[in-house]
Every structure is written in C-alpha cells, then in structure tokens.
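The values are calculated or read from the model by the stated rules, or taken from the named source; none is laboratory data. Just so you know, these numbers come straight off a predicted model, no measurement behind them. As a convention, Cβ positions derive from the backbone with ideal geometry for all residues, glycine included, and neighbour counts pool all protein chains shown. What goes into the accessible areas is simple: the full protein's heavy atoms, side chains included, and nothing from ligands, DNA or RNA. Shrake-Rupley method; radii C 1.70, N 1.55, O 1.52, S 1.80 Å.
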Amino acid sequence: MVRGGGCTGPCVYPAVPDGGWGWAVAGAFFVVEVCTYGTIKSLGVFLQDLMKEFEESNSRVSWVVSICVFILTFTAPLSTVLSNRYGYRPVVMMGGVLISLGTVTSAFTNSIDQMYITIGVVSGLGYCLTFLPTVTILAQYFSHRRSLVTSVASTGESFAVFTFAPAFTALKKQIGWRYCLLLIGLIQMSVIGCGTLLRPIIIQPTVDLATKQEDSSERRSLSTKGDYELDNEQTKTSLGSEDSGITSLYASCNELRVADAAMAPTTTDPQAAVDSLMEGEQGPLPPAPPVTLKHTEAHRPPRPKLLDFSVLRDGAFICYSLFGLFATLGFFAPQLYIIELSKSHGVAGDMASYMLSAMAVAEVFGRLSVGVVLSRLARGKLWVLLACVVLLCLVLVAFTLVREFWGLLACCALYGFFLGTVASTHIPMLAEEEVVGVERMASSVGVYVFIQSFAGLAGPPLGGWLVDVTHNYGSAFYSCAVGMGLGAACLALVGPTKSSLWRSGGRGAGNNGHQMKGAPGESDEEQDYLEADLAPEALSREKPPMVV
C-alpha cells in the first residue's frame, strides 16, 4: 500500500485490500452503529418520562422517533450528494456535530414540539450524514470479506440496545432523564473522531516494471535508428540499408511513425496515414502529427456522479428498492408492540421486558451468522437474503398464534436472529453485481434509502391505527408480515430482471462486443490508432518506388 499525505491522506492500493486501513473503518462503523440506530432504539426507555413531563399522549411522544427515522432516510440523497462532492470524512464529522447538538439541546426543551426539532430534525439529519457515508466507504475497502466485516461491525446497534436500555433505565432513577440525554450527547461526540478515520481509498493498478523498461528501450532504439538514417541522408547512404538515400528516407519515415505512434497515440485515420506516406515518397515529408492528450484524458477515471438517478432505469434496482420499501414496514412495529402483546396474553410486565433483550442478543448472532455464510459465497447471495426474508415473514405470523411466555420468547429470539440477517445485509448488498455493483453503490445508496423513508414513517402509525381499530395488538404483526411478504416477492424478481437485462443488450452484450470491437468503454480514437499503427507495417512489405 502507498499512503499519500501522511496519516490523513488517501490510501492507495493496487487492488481492493480486503483489510488494511479498512479495519479502522470497520471499527469506526461499529461506533457509528452504537451512536445512531442503537441510540434510536434505546430512546423508548424515556417514553413514560416524556409523557409525564410534558403531559402528552403516547402517540404524540412516539412521533419523536418516527420523525427522526423519517429524516434519517428521507435525506439520504443529500448525504450522497455531499459525500460525493466534499468527501466522506467532513460529512461524517459534521453529522457527528449535529447528532450531539440535537441530543444535548433536547435536555433543555420545554415541550414535545421542541423535541420534534431537536431530536427529530437536527439529530435525524446528523444520523443520515453519519451512517450512510460510513457504510458506503466500508464496502469499498473490502471485497471477499465485505459481507462478514459489515455484519460484524453492524452488531454495534445490537450491543447498544442490549446495554443502553437497562443502563439508562437504572441511571434515570438517579439523575433524571435530562442528564441522561446530556450523557448520551457526549457519547455521540465520538462520531466526530470516527469521521477522521474515513480515509478515501484509491485503487491504482501497478504496472510491470520489466515490461515498462522493455517498451521504453524499444522506443529509444527506434528513435535513435531513425535519427541516424536522417543524418546520413545528405550523403545518400544509410547505416541500415544498401539502397539509395530515398529508400532509406522512406524506411526511416516509416519507423519514425511507428515510434511516434508508440510514444504519443493519435487519432489519425488509417487511409490518411497511407496517403501521407505516399506523399513522403514523392515530395517533402509531412510535418509530424502533434502530440495530443486525448488518449490520456480518455483513460482518466471518471468523476463520480453526485447523485445517480439513472439507476431508476434499472429494473433490478427498482425491484430491490420495492423490497426495501415493503420490508421496512416490518422493521419497527415488533419492538414497539411486543411488550403490550405479551401483556395481552397474560405475561407479567417484568417478564415481558425480557422480550426485547432476547431480540437484541439473537440479532447479534443473526448478523454474525449471515456474514460468515455470505463471505463463503461467490454467487447466490440474493437467494440467501430471500430465504431470511421469507422466514422472517413466517415468524411475524407466528407472533399472533402463540399465547404463552416461552412461545413468545422463542418468537422474539427467531425474529431477532432473522432481523439481524436482513438488517445487516440489505444495504451492503447493493455493492454486489447482482444488484448495481460497487462502482455505482456510492451514488445509488441515497436513492435506495430515500425510497425506504416513506415506509419508515408510515410503518409505526399504520400498526397503531390497526391496533386502535381492532383492539388487538396482533393486527400490527399481521401488517408487518404482509409488508415482509410483498418485499420477498419483489426481492425474488431482482435476479430474473438482472438476467433479462444482460441478455437484452446490457453488460453481457458489452462483453460479447469486446471480442469483436474492443471493450465497451474503448473509444473510437483508440480503435483508429490501432488500425493506423498496423498500416505502415503492411505498407513496408511493398518495395517503395525508386525516384531518380
């Protein structure tokens, strides 16, 4: 690895490192998970305190979290634009400032409406500017281990839920909920330090030194030989030929054109090259073609788009986005209603609190397990994700069928396990070639999360409305199961849609064309240059006419 700019500059690798500085980025992502989704899921411990403090209803207080989640996902395109424009590091550091600022100021609010702004908007925007850039750059540092590393690093969310909920439940009895929010805000300032670790990565393939030296020596020999022949033109002799001076002049012109083509590729047409050579035989030599930088500019790496809405023309991406939209309906409601569902089935209140703990612990194992499985697979990762989504849908239905404590506890453990498999892979899966690929992930992840935002905002209120209408907490789980089932159907269409695009002239057609016309990204100028380079060799086989 070659590092530029000291410890703060970009990391330059000849290939995707699958490690290196990526381990520091993975550690930063673990802390970011703790301070973002882990904190959001732990805010429920202050629900009753806020209701008593501001004398508000359950629904109005719960909108604080709903607005926060909506802003987090809805502003994803803004996060993508800022990251592509200014880089990941300053965006994440700014996000850390907003997260801490929103949480700290929430400790001084006097109404729930003010908390809509502080936690809902300010912290929500900070969560977006922090989470998405970190998971995006982490995917760029890993290839074969991407799924495993992302899954392990994302367990920070589960550890935060498992640790923060009981810790702040006990701590708020000693110092109050306002000082607890101050403490959380100070902890979240660590995200600023995590942002400094997000060094940009540059993949710069190495050039074989022996080949480079051989090409250089060949060019020098051609140039030197041509110079000798031109210098001896005045004496009508040639060091490399026994023909007349004009014959040697023709040969040297031929070799000089080959040398010039090797040193500075141009866009000369093959027929024009032949004509210019013929003119050189009968008259003065034409001037050497000017050296242009067009070839170099054609190979300059393209600047990434600020926001790639062209993915909306990709049928596979549309299907995958619809999967994320519907599946998000089942991500939040179970945590909100599992305790009340348990109480409605006769489970004691203190025993019902173990349901969330079982979900958090099982979620850790789910994230680790799917990471190990996907790291061993080169293909078929979408089918593994599809299997987990289908099983998660069945578990949501099972919540409505069991009535006893152990049955509900088992459902919570299974739900947490499969939720961990889906939650830790659905965003990094965008980097797989089966969806959009790692090259387009940076500019498409914002569009994907933006589409999810509407389900994140509508999911909890939809479940609450069904509970109010049916007076049955099981109806909220039915709505989650329906959403997860629709998501599974859309996910199943991603693979066939991608295959049909390849067959109808997508990437597969480009590869086939490569065998006949060159690579899909190869410019016409490069093809013209190759043909022009061969023209003098073919012409040199004919003996040039003698001019007396």
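Quick one: would you say Arg85 is under 19 Å from Ala24 (Cα atoms), open to solvent by 10 Å² or more (accessible area, probe 1.4 Å) and not β-branched (Val, Ile, Thr)?
No; evaluated as a whole, the condition is false for this residue.
Of Gly371, Gly330, which residue is open to solvent by less than 10 Å² (accessible area, probe 1.4 Å), closer than 23 Å to Gly487 by Cβ and under 23 Å from the mean Cα position of the chain (by Cα)?
Among Gly371, Gly330, only Gly371 is open to solvent by less than 10 Å² (accessible area, probe 1.4 Å), closer than 23 Å to Gly487 by Cβ and under 23 Å from the mean Cα position of the chain (by Cα).
Find the residue count for segment 160-185, including only residues that are touching a helix residue (DSSP H, G or I) at 6+ places or on another chain (Cβ under 7 Å), farther than 13 Å from Asp49 by Cβ and of a type outside the set (Gly, Ala, Ser).
5
If only one of Cys388, Cys319 is over 16 Å from Gly416 (Cβ atoms) and not small (Gly, Ala, Ser), which one is it?
Exactly one residue qualifies, and that residue is Cys319.
Would you point out which residue out of Leu414, Leu462, Leu466 is modelled with pLDDT under 80 and under 30 Å from Lys343 (Cα atoms)?
From the options Leu414, Leu462, Leu466, the qualifying one is Leu462.
Which ones in segment 381-440 are free of Cβ contacts under 8 Å to residues at least 24 places away in the same chain, within 25 Å of the chain's Cα centre (by Cα) and in a loop (DSSP other than H, G, I, E, B)?
Result: Glu433, Gly437.
Among (1) of a type in the set (A, V, I, L, M); (2) open to solvent by less than 70 Å² (accessible area, probe 1.4 Å); (3) at pLDDT 70 or above, there is one condition Ala298 misses while meeting the rest; what is its number?
Checking Ala298 against (1) of a type in the set (A, V, I, L, M); (2) open to solvent by less than 70 Å² (accessible area, probe 1.4 Å); (3) at pLDDT 70 or above, the one that fails is (3).
Applying the selection to segment 55-70, what residues are open to solvent by 30 Å² or more (accessible area, probe 1.4 Å), assigned to a helix (DSSP H, G or I) and not polar (S, T, N, Q)?
Those that are open to solvent by 30 Å² or more (accessible area, probe 1.4 Å), assigned to a helix (DSSP H, G or I) and not polar (S, T, N, Q): Arg60, Trp63, Val65, Ile67, Phe70.
With the requirement that a residue be at pLDDT 80 or above and outside any helix (DSSP H, G or I), what does segment 471-510 give you?
His471, Asn472, Tyr473, Leu493
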